[in-house]
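To start, the structure under review is shown below, and the notes come after it.
What follows draws every value from the coordinates through simple rules; no lab data is involved. Computed from a prediction, not measured in an experiment: that's the story for all the values here. Note that each Cβ is placed from the backbone with ideal geometry, even for glycine, and that neighbours are counted across all protein chains shown.
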Amino acid sequence: MTKKTAKQKIGVKERKTSGSGKVTNLKSWKKGQSGNLKGRPKKADCLTTLMREELEKVDPKDKEKRTHKELVVIATIELAKEGNSTALKEVWERMDGKVKEKLEINQDSTNSILLAKTLSRKELEELNERLEATAKA
């Protein structure tokens, strides 16, 4: 009885090599054929997919037979009307898009970023005070 190697136990096939070190038992695909005939597996277990599917279902408790998604939108709007800041922000961002910040990058700002990462808060405050005093002079 021959003893199996660890690779054989888990089903890994040994590759045969020629004298030059090239792998000889690999086969190329036929023309027009891909290696993954079934395609990419569906993400049924993905939380986002499950959430989307659930939100599309009709809420059995709703008399008007609205979907969970519709009810979430209505609830968010109601919270925003009551002054809930998180709901207000969500409504604004969904309506107008997120506010984009302008960021200018030049040598001075790059140096400032590097300084901010290397100096302590106290050192940054002292440096800022010196810069302001210099600018006033």
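Among residues other than T67 whose Cβ falls under 10 Å from its Cβ, what is the net charge (Lys/Arg +1, Asp/Glu -1)?
On the way: positive: K57, K65, R66, K69; negative: E54, E56, D59, D62, E70.
Charge balance near T67 sits at -1.
Cβ under 11 Å from V91's Cβ, V91 left aside: what net charge do those residues give with Lys, Arg +1 and Asp, Glu -1?
Within the 11 Å Cβ shell, the charges total -1.
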